[in-house]
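FYI, it's all coordinate maths here, none of it is from the lab. Nothing here was measured: the structure is a model prediction, and the numbers come from that model. Counting neighbours? That spans all protein chains shown, and the Cβs are built from the backbone with ideal geometry, glycine included.
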Amino acid sequence: MFYQYPVLTKTPYREAFVYRDVFQIFPDEDFNEEIELGDYHHMSLLEVDLGKFYELFQSYLDIGEVLKRAENLRDSGIETINLEQAAPLIMEDHFVLLPKYLITKLLTVFTNFHHFDYSGENEDGWFRILPPNGEKIQWGKKWLPRNRKEITAFSESPRKGIEKVSFDDYSKRVSDIGDKINYPLDIERRFDAYFELDKESQDVFNDSVVFFNQAINIQDDLSSLAIVSLVTSIEGLVNLKFKDFAVETCDCCGQNRYRTTRKFNDFVKENSIGFYSKSKIRKMIGDIYARRSSIVHTGKLFAHERGKPIWEKGIFQNRIVLIGALGLVRYILNYWILNNPTDKTTKAPE
């Protein structure tokens, strides 16, 4: 049960990466030569063994049975079905595309490089063809030439393994810089740690990963919402840590003894060790949380989002704050995944 998916990056892959016997990603040289996507769009191919993936991610799921039910429906000869009867096809579509959805988002967090596809043309990208001469309307899905393809086994890549960089050197680099994608030395350990999370922790971390990816996607056009997404990606992990924490109030003033802001600050400090000095981290936290609070509580956008000229005071500083926030939050998510001991207890949903 192998599937191949196209993936876009702004910096090209030059080498291949193989994670255990679960997935591999490598450059699609033929496609990149035939179609020019621009200087910042490069095609790679992600190949996943669905059986191995779901053994790790959702061990209760029999992906073979999911695919079999869909195939039986297609072979049944039935020409017209309603939405409820189409459930096997909908489930197949979801579980075949989910590995691409998760792996690309995790790679965006675990590496310094954005992995993505075009909005509106992925798993939700239904389109309609209106043919001339009264012919039948056709429905389908698209993602460039394809959004997935079933294959019989992993492709043999002549490429050498991807370059890996020491953690200290890698963690402080700006995203998508350089002439090729490289990985941190402990990339396998990061994926190992992810798959070893218990279900509750994994669900929370998945949300954090999605919020981080949303911030990456909208950072140029919606910087204010990107800051909100970055803070929210951390807040879920903060709430997980303090889920059993009983809030106490001061006998004198009635205020919470351990307030939300302090929990957030303490969590960031605990999970950003080694990123920068304590004083610089403290300032970064203050800047990021202050911007988030201003946006959420007063509705005040960044200056450039209000149509202000590029030379207006503070616009460049806003951009610096956002870039710093992206780097800090990526570091925190990676530090947390590598230092969060947990027992994996996966069970089927009720």
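The simple spin-label model puts a point 7 Å past each Cα toward its Cβ; for I90 and I151 those points are separated by 3.1 nm.
Here the spin labels are modelled as points 7 Å beyond Cα on the Cα-Cβ line, and at V18 and D203 they lie 3.6 nm apart.
Applying both filters, DSSP loop and at most 11 other Cβ atoms within 10 Å, to the GluC sites (Glu not before Pro) of region 64-107 gives E79, E84. A crude spin-label estimate for the pair D220 and K280, with each label 7 Å from Cα along the Cβ direction, gives 2.8 nm.
Taking the Cβ of each residue in D203, D93 as the centre, tally the other Cβ atoms inside 10 Å and list the residues starting with the fewest. Present the calculation step by step, with values, prior to reporting the outcome.
On the way: D203 12, D93 16.
In increasing order of surrounding Cβ atoms, one gets D203, D93.
Available extension along the chain between D244 and R259 is 3.9 nm, counting 0.36 nm per residue and deducting the alpha carbon span.
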